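Encoded as structure tokens, the structure appears first; notes follow it.
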Amino acid sequence: MSDPCAVPELTAAQRELAEAYGVAVDYEDWRHRPVTAPTETVLAVLAALGLDISDPAAAGEALVARRAQQRHEPLPPCIVVTEGKAVELALPGDIDGYDCIEAWVELEHGGRIDAPRLIVPGHLPLGYHRLVARWSGSEVTSTLVVTPAFLGFPDRLGTDRAWGFATQLYSVRSKASWGVGDLADLRDLAAWSGSELGADYLLVNPLSAAEAVAPMEPSPYLPSSRAFVNPLYLRVENIPEYDDLLPADRAAVDELRVDVHRRLDDLDAIDRDVSWAAKANALRLVHAVPRSAEREAAYRYFVRAEGAALQDFATWCALSTVHGADPRDWPSDVQHPDRLGVRAFREAHATDVDFFSWLQWALGDQLAEAQGAALDAGMRLGVMHDLAVGVHPDGADAWVLQDALAQGISVGAPPDAFNQVGQNWSQPPWRPDRLAALGYRPYRDLISRLLRHSGALRIDHIIGLFRLWWIPEGATADRGTYVRYDHEALVGILALEAQRAGAVVVGEDLGVVEPFVRDYLVERGIIGTSILWFERAFDGTPLPASRWREYCLASVTTHDLPPTAGYLAGDHVELRATLDLLTRPVEVERADDEAHRASWLCVLVNQGVLAEDAGPEETVVALHRYLTTSPARLLCIALTDAVGDRRTQNQPGTRDEYPNWRIPLSGPDGVPMLLADVVSSGRVRQLAAAVGANLERPLM
């Protein structure tokens, strides 16, 4: 007897449309078992892509319409090709032959090259060009992007290997910062680790903009905007106009700083809201100071160069200060950036809009100072920024770019060995079709901004450039499905922007990854990621370091695991058990974890890297020394490992159940440390020496 509540299977037309739109109907899970995506999930995802075909009859009509459109479709809105390869484009169905077509390429920096028979020449220069085709009185244009075949490492790194620290900048505080690590702390940490320890880079958490008003989202991986920077990281006193404050205003700023230290210095947590409330008031006083003619001209040039993107972001920030952080509560005439109410608001609140634009200019100056200090200290890469997968659903990018984002959908990850119930990251994804229609402009501008003051860029969850796990609103994380993206375009543009900036790109390619993805990234010169605990052979045994990848950034741990001292103690199992994140009995999980760690420690003992009776500190050093026996070009030390911290920075699958992204950098005793403590730490120097001594570049 059939179940009247059962959801019917997809029809042939629905399946064909799903495949045409890149929506997975079937996929493999992390154990390589075949899975059929839920019918309701596939239909909800297609609806988010503008295709409501829940009615089988509507699906048939939509399929007929799509086939007809394909026969008569002109050039696609954006064409992405690889340098050195000629590409022949297909004729639209309503054109009799190539003889009636005139086509050419208008180059980014001027000039024109013919493209007879709609063949894109292979000798085009790298860049963003315009393809034009004309026939029978009709003319169509497409954005034509020519991307590098291979990125790799910049010449200044040569064939050498390099190492650096990874840190959550907000957690690295100094006596001068306002309760949260800032860009002056970044500058000082980079200068010290480069000049005294021989580090070549400093990987920091995403510095992307958060909310303009409290409460500020603590996760740097759930930003309001990925294209702009969080002014929480500004050092107020390093803005030149601070020196010109009137005495009363200077006193007010100083009192704000003193009050922050009074409230936060003894607090074993990062409190962004307290810090930002004080800093915002101080920054408004500095913003009101008249600028010199030279600095005023520089600021006005910055505003013009950033254009509408900066204006829209600053307007969103100002709207938030007036109407609150949730755009759903705003008046209807300002819920879209193109509505007339937004223009009126911008004019009525011009000072506020200018304030938030000015903050981004000040941030650019201090980011440039940090990168300059890193290079001056001998670093060959400098600051490595980090790009989150997506943005907050109520944030600036979700408002500005709402037409390019899928509505009613969240991005996440399917169940895997470490997150057995899946993950929902609450981020609206790009619509692949809309992104292509925009010539990938929002994406390429985003990458360009991130590379402006850095020598490297880490892409969190880089497999999202190939496919993303879409979860319909109201569904659990395990009830999603994959949606495919044009990885040739996304990876190609990423490589193009990085080559222009002379930067390295590191892709975090962990988790459930299709077999071809890592090979493709290597072919394009994108560096992968290796975490020691996850490097396993097919039979489950530890993969010898000699068999690790050369084109990767290798580390012992990552920010989604406890620092190594905590991992060795099994803290991650106990924490997940406490938070009810396990799908197996804790005894089983604990036993598996102990066996997993023991297998790795056995490898180190057998290779003579670790003594059998070694304590936790010696084990941490040995694990990092083992990294150097791999061929990995980039090696990474978590600053938490260097100082002996053991508290988890982030527990995936939680939000407020655990203080994610609010843990201050602490020593092995759990007592928070300041930057001065890091600089004077013998433990930090010992771990840096263990890694640096085995690389081609000697310590300074």
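The values are calculated or read from the model by the stated rules, or taken from the named source; none is laboratory data. These numbers come from a predicted model, not from an experiment. For neighbour counting, all protein chains shown are included, and Cβ atoms are generated from backbone atoms with ideal geometry for every residue, glycine included. Heads up: the accessible areas ignore ligands, DNA and RNA and are worked out on the full protein's heavy atoms, side chains in. Shrake-Rupley method; radii C 1.70, N 1.55, O 1.52, S 1.80 Å.
Values computed for the structure shown
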item	result
Qualifying residue in segment 507-519 (condition: more than 19 Å from Ala413 (Cβ to Cβ), open to solvent by less than 30 Å² (accessible area, probe 1.4 Å) and under 19 Å from the mean Cα position of the chain (by Cα))	no
Residues of segment 145-183 satisfying the condition of being more than 27 Å from Pro562 (Cβ to Cβ), in a loop (DSSP other than H, G, I, E, B) and in contact with a strand residue (DSSP E or B) (Cβ under 9 Å, 6 or more places away or on another chain)	Pro148, Ala149, Leu151, Gly152, Phe153, Pro154, Leu157, Lys175
Residue check for Glu237: assigned to a helix (DSSP H, G or I), open to solvent by 30 Å² or more (accessible area, probe 1.4 Å) and within 26 Å of Pro206 (Cβ to Cβ)	yes
Close pairs from segment 663-676: first farther than 13 Å from Gln649 by Cα, partner open to solvent by 50 Å² or more (accessible area, probe 1.4 Å) and among the acidic types (Asp, Glu), Cβ under 7 Å, at least 6 apart	Pro672/Asp268; Leu675/Asp188
Condition broken by Thr141, with the remaining ones in (1) out of contact with any Lys or Arg (no Cβ under 7 Å at 6 or more places or on another chain); (2) loosely packed, with under 15 Cβ neighbours inside 10 Å; (3) polar (S, T, N, Q) satisfied	(1)
Candidate set from segment 253-264 (those that are exposed (fewer than 15 other Cβ atoms within 10 Å of the Cβ) and touching a helix residue (DSSP H, G or I) at 6+ places or on another chain (Cβ under 8 Å)); member that is farthest from Leu674 (Cα to Cα)	Asp259
Any helices (runs of 4 or more DSSP H) falling wholly within segment 521-621 and containing at least 2 residues that are surrounded by 14 or more Cβ atoms within 10 Å (Cβ to Cβ) and under 27 Å from the mean Cα position of the chain (by Cα)	564-568, 571-578
Selection from segment 408-424 of residues that are modelled with pLDDT under 95 and in a loop (DSSP other than H, G, I, E, B)	Pro414, Pro415, Asp416, Ala417, Phe418, Asn419, Gln420, Val421, Gly422
Candidates Leu367, Leu387, filtered to the one that is in contact (Cβ under 8 Å) with a residue 12 or more places away in the chain, within 30 Å of Leu189 (Cβ to Cβ), crowded, with 20+ Cβ neighbours inside 10 Å and in contact with a His (Cβ under 6 Å, 6 or more places away or on another chain)	Leu367
Inter-residue pairs, beta-carbon under 6 Å, first under 18 Å from Glu108 (Cβ atoms) and in segment 490-505, second open to solvent by 10 Å² or more (accessible area, probe 1.4 Å) and basic (Lys, Arg), 6+ apart	Ile493/Arg444; Ala495/Arg524
Residues satisfying the stated conditions in segment 261-279, i.e. without any contact (Cβ under 8 Å) to a residue 24 or more places away in the chain and either at positive phi or in a helix (DSSP H, G or I) (or both)	Arg262
Residue within segment 180-201 that is within 30 Å of Val80 (Cβ to Cβ) and crowded, with 24+ Cβ neighbours inside 10 Å present	yes
Residue selected from segment 1-34 under the condition assigned to a strand (DSSP E or B) and out of contact with any Ser or Thr (no Cβ under 9 Å at 6 or more places or on another chain), by the criterion modelled with the highest pLDDT	Pro34
Pairs, first under 15 Å from Ala13 (Cβ atoms) in segment 55-77, second surrounded by fewer than 16 Cβ atoms within 10 Å (Cβ to Cβ) and of a type in the set (Phe, Trp, Tyr), C-beta under 6 Å, six or more apart	none
Sole exception among (1) closer than 22 Å to Leu234 by Cα; (2) open to solvent by less than 30 Å² (accessible area, probe 1.4 Å) for Asp376, by number	(2)
Qualifying residues in segment 622-633 (those that are in contact with a Ser or Thr (Cβ under 9 Å, 6 or more places away or on another chain) and either among the hydrophobic types (A, V, I, L, M, F, W, C) or open to solvent by 10 Å² or more (accessible area, probe 1.4 Å) (or both)) - the one nearest to Ala565 (Cα to Cα)	Leu623
Where a residue in segment 296-320 is more than 17 Å from Arg346 (Cα to Cα) and its partner, wherever it lies, is outside any helix (DSSP H, G or I) and open to solvent by less than 30 Å² (accessible area, probe 1.4 Å), with Cβ under 6 Å and at least six apart	none
Checklist (1) touching a Lys or Arg at 6+ places or on another chain (Cβ under 8 Å); (2) farther than 25 Å from Leu446 by Cα applied to Ala210, failing item	(2)
Members of segment 280-305 found to be over 30 Å from Glu255 (Cβ atoms) and among the hydroxyl-bearing types (Ser, Thr, Tyr), listed by number	Tyr301
Number of the condition not met by Val322 [criteria: (1) aliphatic (A, V, I, L, M); (2) under 24 Å from Met216 (Cα atoms); (3) modelled with pLDDT of 95 or more; (4) buried (at least 16 other Cβ atoms within 10 Å of the Cβ)]	(4)
Which listed residue is closer than 29 Å to Leu553 by Cα and either part of a helix (DSSP H, G or I) or in contact with a Pro (Cβ under 6 Å, 6 or more places away or on another chain) (or both), from Leu203, Leu186	Leu186
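Residues are listed down the side, and each one gets a yes or a no for (1) over 30 Å from Leu553 (Cα atoms); (2) at pLDDT below 90; (3) touching a helix residue (DSSP H, G or I) at 6+ places or on another chain (Cβ under 6 Å):
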{"residue": "Ala65", "(1), (2), (3)": "yes, yes, no"}
{"residue": "Ala68", "(1), (2), (3)": "yes, yes, no"}
{"residue": "Gly84", "(1), (2), (3)": "no, no, no"}
{"residue": "Ala103", "(1), (2), (3)": "yes, no, yes"}
{"residue": "Gly110", "(1), (2), (3)": "yes, no, no"}
{"residue": "Gly122", "(1), (2), (3)": "yes, no, no"}
{"residue": "Thr141", "(1), (2), (3)": "yes, no, no"}
{"residue": "Leu144", "(1), (2), (3)": "yes, no, no"}
{"residue": "Ala149", "(1), (2), (3)": "no, no, no"}
